[in-house]
Amino acid sequence: METKKIQVTDAALRRGAEAGMDEFLQVVVDACLAATGGGVDAATMPLLNGWQHSLLGYHFFREEVDEGGFIQLIQNGYGPYIFLNPFAKAMRLMGAKDFSKLLYEAREIYDAHREDLERDCTEDEFMAMYERYEAFDDLEERFMDMEEEVTETLARYVDEHLEDFVEVIPGGE
């Protein structure tokens, strides 16, 4: 299996850009998700390049942390995808330096408690993790404060390096 050429029409990108940075990124994210069948696992990992994985990593990170914090992110199986890949480094390379530092701080907590954080648990045990791992609270708040800036930084990076993420094709009017 090899990395797929992920195509997006120029019209779809234009519509996304006109609607805002979130929508522009979502056009590229949706194209990557479509190429993998909607998610990422061992079978679909080779279909995307590192930049595409980084963008999906941010998509999943943002979705999970916005909804249920780091505990939910990890419990839903994204811990290894975020913390055991060069995601934080990619975020720094894309210009999101403070976010990258936040990820490294979260990784320290993750590494120290990975087995407990990833174990299957009941709803009550899951909820108890929020109390046990209050160290994530400050990081979640900091992310919420920087989320808009991070998203804007990544949208700008993707726009300036579009060929690393998708192949733009004519059409889609």
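The values are calculated or read from the model by the stated rules, or taken from the named source; none is laboratory data. None of these values were measured; they are calculated from a predicted model. Backbone-built Cβ (ideal geometry, glycine too); neighbour counts: all protein chains shown. The area values use the complete protein model at the heavy-atom level, side chains included, leaving out ligands, DNA and RNA. Shrake-Rupley method; radii C 1.70, N 1.55, O 1.52, S 1.80 Å.
Coordinate range of the alpha-carbon atoms in the chain per principal axis, descending: 52, 35, 26 Å.
For the chain, with all protein chains in place and a probe radius of 1.4 Å, 48% of the accessible heavy-atom surface sits on carbon or sulfur.
Residues within the reach of a label modelled at Ala11 (point 7 angstrom out along Cα to beta-carbon, backbone nitrogen below 18 Å), restricted to the stretch 21-44, are 24, 27-28, 31.
Reported to the nearest whole Å, the Cα centre-to-centre distance from the stretch 125-166 to the stretch 12-73 is 12.
Compute the acute angle (0 to 90°) between the alpha-carbon long axis of helix 21-36 and the principal axis of greatest extent of the alpha-carbon atoms of the chain; round to the nearest 10°. Approximately 90 degrees, to the nearest ten.
Relative to the longest principal axis of the Cα atoms of the chain, the long axis of helix 10-19 makes an angle of roughly 50 degrees. Accessible area per residue for the chain, computed on protein heavy atoms with a 1.4 Å probe, is 53 Å².
Couplings 3J(HN,Hα) of the stretch 145-159, computed from phi: 5, 9, 3, 4, 5, 4, 4, 5, 4, 5, 4, 5, 4, 4, 4 Hz, in residue order, whole Hz [Karplus 6.51 cos²θ - 1.76 cosθ + 1.60, θ = phi - 60°; x for Gly and Pro].
Applying 1/(1 + (r/R0)^6) with R0 = 22 Å to the Cβ-Cβ distance of Arg119 and Thr44 gives a FRET efficiency near 0.30. Extension gain for the segment Asp111 to Ala135, taken as residue separation times 0.36 nm less the Cα-Cα distance, is 7.3 nm to one decimal. Each helix, a run of at least 4 DSSP H residues, gives -39500 (n - 2.57); summed and divided by the residues of the chain, these come to -22500 deg cm²/dmol at 222 nm.
Which loop GluC sites (Glu not before Pro) in the stretch 99-140, with loop taken from DSSP, have no more than 10 other Cβ atoms within 10 angstrom of their Cβ? Answer in residue order: Glu134.
The relative contact order of the stretch 26-157 comes to 24 percent, based on Cα pairs under 8 Å that sit 6 or more residues apart.
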